[in-house]
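Below is one structure, written out as structure tokens; the observations come after it.
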Amino acid sequence: MADAYTLARIKAAREEAEALRELADAKAVEADAAKANNAPAGVQANLAKAAGEADRVAKVAEAALAKLEQDAPASTDPAAPANSSTSRLTTATGFVFTKTMLEDPKYGAELKAIYDLWVAGKETEALDAYFKSKWYSTLGRTAADRYAMKLNQPAVYASELEAFKITQKQRLSRVGVKIDDADLDAYLTQAFDGAFSDGQLDAMIVKSASFGTKFGGDTLTKIQTFREYADSYGISYDDKKYSQWGADLFSGKITDSEIELSIRTESASKYPGFADRIMKGTTLDALASAYKSSMATILEIDADSIGYDDPTLNKALQYIGPDGKPISKPLWEFESDLRSDVRWQFTNNARDSIDSMQYKVMKDWGLM
């Protein structure tokens, strides 16, 4: 009968080979799909390369498993080493204590101590030590698996890391992130090793010195949309503000709806007479349209050229009633005030009005 360590190695090798074959098949399907959907040539090439590497790695693992099974005694039953001491250690911890791991300079000493306790029959002490170990307390399940893979199966690790980088670079390209390639590769490796979520990776990138809130793609489109949204509510911000919003959106610190609410809140504060309607989603463009139309007619100017920085329009939109409270200014009063605007005296309306008054005076005096 083979020793417990050999049985555990065979069991782990079988599980690894099956997992790698499943990954290789998935990569092949992904590559075929990219080709069938006429994906960009570069994407097809990367996916085909990843699929080929995954297949190669799976074959290496399958060959290693076959060698282990061939070298083991005939009575070995690697599928069910139920009475194996080290197999029970693997079952209890979910981790295979390989020779390579026990010799690892970072975690090997504490793992070797745990392994020795278990083999000596001190199972309770071994498990207590395991769950207090740096290995268990600092690495999650996925991160621990990848660390072990990096030591025990470097080719598999390299293949999966490359596949992870391809997927993340495609995602980051879609959202328009611009960052130094060397920095990005380092961050992606760190994210893969640490089993970071997309949000954790994005937050790390935002803090990068080479990032500098530079965006393109979907994020740049969103930033432009927020510019237009703010304009429609009579609010303007500098580029720094929009860049910060872009970074916060990318890193998950803020949502689209929170930015829109912030814009409406500032607009309501600036134009208190319309605050209720603004907060309910009515744009200042809609609320000011009648005032702009009157200005265009009476002052004979293009309505589209009238901005919220126009003093006459701004004064009307920030009108304070007789009781000292902000209200919307009556349109008739606004139109009357427009004739006091310095621009009115140069209009045809003004000339016609003056001519009409002169005619009436001369007629009243009997001169006509």
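Overview of results
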{"quantity": "Single condition residue 280 does not satisfy, out of (1) out of contact with any helix residue (DSSP H, G or I) (no Cβ under 8 Å at 6 or more places or on another chain); (2) assigned by TED's automatic domain parsing to the domain that holds residue 225", "calculated": "(2)"}
{"quantity": "Search result, residues across segment 32-49 that are over 19 Å from residue 173 (Cα atoms) and either of a type in the set (Gly, Ala, Ser) or under 25 Å from the mean Cα position of the chain (by Cα) (or both)", "calculated": "33, 36, 48"}
{"quantity": "Per-region count, segment 143-171, residues touching a Gly at 6+ places or on another chain (Cβ under 9 Å) and over 19 Å from residue 17 (Cβ atoms)", "calculated": "2"}
{"quantity": "Residue satisfying condition, being modelled with pLDDT under 85, surrounded by fewer than 17 Cβ atoms within 10 Å (Cβ to Cβ) and not assigned by TED's automatic domain parsing to the domain that holds residue 16, within set 121, 42, 94", "calculated": "94"}
{"quantity": "Close pairs (8 angstrom Cβ cut-off, 6 or more residues apart or separate chains): among the aliphatic types (A, V, I, L, M) in segment 165-185, part of a strand (DSSP E or B) anywhere", "calculated": "175/215; 177/215"}
{"quantity": "Failed condition for residue 357, given (1) touching a strand residue (DSSP E or B) at 6+ places or on another chain (Cβ under 6 Å); (2) modelled with pLDDT under 85", "calculated": "(1)"}
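The values are calculated or read from the model by the stated rules, or taken from the named source; none is laboratory data. Not measured: the values here are computed from a predicted model. Reconstructed Cβ throughout: ideal geometry from the backbone, glycine too, with neighbour counts over all protein chains shown.
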